[in-house]
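Where a number appears in this text, it was derived from the coordinates with a stated rule and is not lab data. These figures come from a predicted structure and were not determined experimentally. Methodologically, a virtual Cβ is constructed for each residue, glycine included, from the backbone with ideal geometry; neighbour enumeration extends over all protein chains shown.
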Amino acid sequence: MKKLRIALPLFGVLLLAAACNRDTDFNYYYYEPADYTLLSQYLNLPERPHNYESVLPKHLSALGLAARPVQQNKVILGRVLFYDKNLSKDGSVSCASCHKQELAFSDNAAVSRGVFDRAGDRNSIALGSVLNFSAYYGTDLFGPSGIPFFWDNRAGTASEQNIGSMTNPKEMDMSHSDIVSAVQAQPYYEPLFRIAFGNGQISSERVSEAIAEFVNAIGSFHSKFDREAEQTIGYNVYNDAEYTNFSGFTAEENRGKKIYLDHCAACHSPTQSRPAMMKGNNGLDAASPDPGVGGITGLPADMGLFKVPLLRNIALTAPYMHDGRFATLEEVVEHYNSGIKAHPNLSFELRSGAEPKRLNLTDTQKQDLVAFLKTLTDEQLLTDVRFSDPFK
């Protein structure tokens, strides 16, 4: 009996250890040795996968925003696809070619170049301008309240967006069958698809779904603005707490914040949470050479209207506007200060009666506004290994 009394506690310890191991296996997956050996020839993927869970700070979650849980295995596959140049007709560009992480997933060209050095039609929108795609983008997640993609708002979901870019002749110029063939030709995809989808079957729909899951995992909410808003605003998001001076801001940045709230927030968002408007005309031209949203809807009232983006990481994403016409933030500020044109569809917020609004800011006030815009930079996003190029 003594042996039994000694054995029972030992057996309990072993059961506990086994349970812990099962719990570890449940919470993390490990690649099969043969799979990981194969993947490691081409990719820098950790044996234990990165965690792509996002938890928004209080000043954003209090607005009812939350990052939707993503499927980790699909994100990992989507990350590889996002950086793979094999998904373009001439093997020269990937999604990341026009959305560079060090530039908050934007491009530093007025208009990006696609396959065979073909020029695109518009400036590449910075993925890092968005708080978190899964928080409010995509009609597959949010119905009519979801924010659409592209400058002309023509894509309702991240999947529609990426398949549109992959098949665009000026971007990656691939057909659906081309995409499948290109992916099937790479040996590292079979285990990644098997882990992500339960089998190794490859289709353009699965490719698009995985890239969308990666995009939905990207978020930017670690800027100086966010740190100060978390401390000063917290859950007090409905009492104009954003107008309170932030203790960690310089006097210049606080003055710029007030200018932004008074003159810019009505379109772009006072809290950098989601755009206050889905589309607008900001008076770049008196008559638009590019119809924008109107080119999709055909409605006269939509002619010359374009997506209204958030301004997160704006200091990193030059050149600016849908056509990349402004090289600096100072030029952008001066446009709104004195250069707005009387377009027939000029947004109401930029009108003063029947005429375009003039802010008439002093040089100091313009510098203050630029100083505030620079607080929206999220340095963490620029080097986050979870969203970096996985190829060796």
query: Which value, in nm² and rounded to one decimal, describes the direction-averaged projected area of the C-alpha convex hull of segment 292-341?
result: 4.1 nm²
message: Which GluC sites (Glu not before Pro) in segment 221-259 sit in a loop by DSSP (not H, G, I, E or B) and have at most 12 other Cβ atoms within 10 Å of their own Cβ?
response: none
field: Modelled FRET efficiency - R0 51 Å, residue 109 with residue 47, Cβ distances, 0.05 increments
entry: 0.85
task: Between residue 352 and residue 176, take the C-beta separation as r, use R0 = 35 Å, and let me know the FRET efficiency to the nearest 0.05.
output: 0.10
message: What does the C-alpha gyration tensor say about the overall shape of the chain? Classify as rounded when a/c is under 1.5, otherwise prolate if a/b is larger than b/c, or oblate.
response: oblate
- prompt: With r defined as the distance between the Cβ atoms of residue 194 and residue 285 and R0 fixed at 45 Å, what FRET efficiency is calculated, to the nearest 0.05?
  reply: 0.30
message: For segment 349-363 and segment 112-151, what is the centre-to-centre distance using only Cα atoms, to the nearest Å?
response: 29 Å
task: Give a quick list of chymotrypsin sites (Phe, Trp or Tyr not before Pro) in segment 226-294 that DSSP marks as loop, anything other than H, G, I, E or B, with at most 16 other Cβ atoms within 10 Å.
output: 235, 238
message: Could you give the length gained by full extension between residue 380 and residue 261, i.e. 0.36 nm per residue of separation minus their alpha carbon distance, to one decimal place?
response: 40.3 nm
- prompt: Mean residue ellipticity at 222 nm from the helices of the chain, using -39,500 (n - 2.57) per DSSP H segment of n ≥ 4 over the full residue count, to the nearest 500 deg cm²/dmol?
  reply: -11000 deg cm²/dmol
- prompt: Given 0.36 nm per residue, what is the gain on full extension from residue 35 to residue 168 after removing their alpha carbon distance, in nm?
  reply: 44.6 nm
query: Non-local amide H neighbours of residue 325 (under 5 Å, H modeled in plane, Pro and chain starts lacking H): which ones?
result: 320
Reach of residue 170 by Cα under 15 Å, taken over aspartates and glutamates that are not fewer than 8 positions away in the same chain: 90, 117, 121
- request: Give a quick list of trypsin sites (Lys or Arg not before Pro) in segment 276-362 that DSSP marks as loop, anything other than H, G, I, E or B, with at most 15 other Cβ atoms within 10 Å.
  value: 325, 358
query: In the structure displayed, which of 307/374; 224/374; 279/341; 224/257; 257/366; 58/224 lie more than 19 Å apart, Cα to Cα?
result: 307/374
- prompt: Can you list residues whose amide H is under 5 Å from residue 279's amide H, if they're 5+ apart or on another chain and H is modeled 1.01 Å from N?
  reply: 308
Amide H contacts under 5 Å for residue 155, placed H, 5+ residues apart: 149
- request: Classify segment 70-221 as rounded, prolate or oblate from the Cα gyration tensor: take a ≥ b ≥ c as the square roots of its eigenvalues, call it rounded if a/c is under 1.5, otherwise prolate when a/b beats b/c and oblate if not.
  value: oblate
